[in-house]
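The values are calculated or read from the model by the stated rules, or taken from the named source; none is laboratory data. Here the structure is a predicted model, which is why all the values come from computation and not from measurement. Every residue, glycine as well, gets a Cβ built from its backbone with ideal geometry; the counts of neighbours run over all protein chains shown. Ligands, DNA and RNA are stripped out before the accessible areas are found, and what is left, the full protein with its side chains, is counted by its heavy atoms. Shrake-Rupley method; radii C 1.70, N 1.55, O 1.52, S 1.80 Å.
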Amino acid sequence: MDKENLSVGVFDSGVGGISTLSVLNQYFPNENFVFLGDSLNAPYGDKEKSKVIQLSENIVNQLLQFPVKAIVIACNTATSAAKNELCELYPYIPIIGIEPALKKAVDSGSQSILVMGTKLTLELEKFNKLLSQYSSNTAIHRLACPGLADLIEQDISDTDAIDQLLEKLLKPFLNEDIDSIVLGCTHYPFVKDRIQKLFDKEINFFTGFTGVAKQLEQQLKDKDALTNRNSRGRIEFFSSKKDNDEIQLYKNYFEFAVENIRNV
Ligand code: DGL
């Protein structure tokens, strides 16, 4: 099949990956995308690594049923737990994974950085290697946020529940001199403004969106697989819940992301 008809497959444990998808769609408006959310099994962040590997393999197998030319793991947790295994299993297709943008935050000159992520992302080797690389000159704090992805998964308009949980989670850091926050889970950009509201000063936020977009561009260029189409590509949404209401929810989150989530 020619490259104009192939799609980029994007997956996450659920709605979080839609933040990544909306930014990728800004970068590559003419590419086709197939998004698959594993909302039936969300959250991934509280599970064992082996379980996340198994779920990620299953999702990639489903994405490979479509004509895809690359796969983006729009989930920091699945990248940390399963990217190496996925690349070994499917060496013939580029697989790119989003990661917490700690380097970007350190390079920006931040002095005191808070990394918010899932329990699994923050405890796995991938993140801890990154941490030991950058923690000598910068204060880096970690905050696992159990329950946050679940709330975002259910309904971002339930702002009371989200605000209460954020306040509880962030309380120990509100009086620290935090200048930057790394949103190390793709669900969290949906509540970035609610996080900002809790701090007295302007916080610099960082995500792995640019990193993932640049890697995707490079890998598609290397394979001469970037589309030459001059018109917009199509975006298809699928969910492991196999439920039309869930697909509508994904589309609503996509609209929200297009309006509110900028590349940071
Ligand atoms: N969105 C995912 C991430 O980037 C994980 C959320 C979850 O399923 O726990 O880590």
- request: Please indicate, with yes or no, whether at least one residue in region 95-104 is more than 16 Å from the ligand (Cβ to nearest atom) and open to solvent by less than 10 Å² (accessible area, probe 1.4 Å).
  value: no
- prompt: Looking at this structure, is TYR92 free of Cβ contacts under 8 Å to residues at least 24 places away in the same chain and farther than 23 Å from SER239 by Cα?
  reply: yes
First in region 224-248 and more than 14 Å from LEU40 (Cβ to Cβ), second anywhere and open to solvent by 50 Å² or more (accessible area, probe 1.4 Å), Cβ under 7 Å, 6 or more apart: PHE237/LYS251
- prompt: If you check LEU130 against the conditions, is it open to solvent by 30 Å² or more (accessible area, probe 1.4 Å) and within 16 Å of the ligand (Cβ to nearest atom)?
  reply: yes
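The rows are residues; the columns are (1) closer than 30 Å to ASN32 by Cβ; (2) buried (at least 16 other Cβ atoms within 10 Å of the Cβ); (3) touching a Pro at 6+ places or on another chain (Cβ under 6 Å).
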residue: TYR44; (1), (2), (3): yes, yes, no
residue: LYS47; (1), (2), (3): no, yes, no
residue: MET116; (1), (2), (3): no, yes, no
residue: LEU120; (1), (2), (3): no, yes, no
residue: LEU124; (1), (2), (3): no, yes, no
residue: SER135; (1), (2), (3): no, no, no
residue: ALA144; (1), (2), (3): no, yes, no
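Every residue, every condition in (1) in contact with a helix residue (DSSP H, G or I) (Cβ under 6 Å, 6 or more places away or on another chain); (2) surrounded by fewer than 24 Cβ atoms within 10 Å (Cβ to Cβ); (3) at pLDDT 95 or above, yes or no:
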{"position": "GLU4", "(1), (2), (3)": "no, yes, no"}
{"position": "SER13", "(1), (2), (3)": "no, no, yes"}
{"position": "LYS51", "(1), (2), (3)": "no, yes, yes"}
{"position": "GLN54", "(1), (2), (3)": "no, yes, yes"}
{"position": "ILE59", "(1), (2), (3)": "no, no, yes"}
{"position": "PRO67", "(1), (2), (3)": "no, yes, yes"}
{"position": "ALA82", "(1), (2), (3)": "yes, no, yes"}
{"position": "GLU85", "(1), (2), (3)": "yes, yes, yes"}
{"position": "ILE93", "(1), (2), (3)": "no, yes, yes"}
- prompt: Within region 150-264, which strands (runs of 3 or more DSSP E) (wholly inside it) include 1 or more residues that are open to solvent by 60 Å² or more (accessible area, probe 1.4 Å)?
  reply: 204-206, 235-239
- line: Conditions (1) in contact with a strand residue (DSSP E or B) (Cβ under 8 Å, 6 or more places away or on another chain); (2) assigned to a loop (DSSP other than H, G, I, E, B); (3) surrounded by fewer than 20 Cβ atoms within 10 Å (Cβ to Cβ) -> SER110 fails only (3)
statement: In region 25-54, anything in a helix (DSSP H, G or I) and either touching a residue at least 24 places away in the same chain (Cβ under 8 Å) or hydroxyl-bearing (Ser, Thr, Tyr) (or both) is listed as ASN25, GLN26, TYR27, LYS49, SER50, VAL52, ILE53
- line: Checked GLU85, GLU99 against criteria (among the acidic types (Asp, Glu) and more than 12 Å from the chain's Cα centre (by Cα)); the one match is GLU85
- request: Might you let me know whether region 156-163 holds any residue that is within 14 Å of the ligand (Cβ to nearest atom), small (Gly, Ala, Ser), closer than 23 Å to ASN41 by Cα and out of contact with any Gly (no Cβ under 7 Å at 6 or more places or on another chain)?
  value: no
task: Just need a number here: residues in region 171-186 that are touching a residue at least 40 places away in the same chain (Cβ under 8 Å) and away from the ligand (no atom under 16 Å from the Cβ).
output: 6
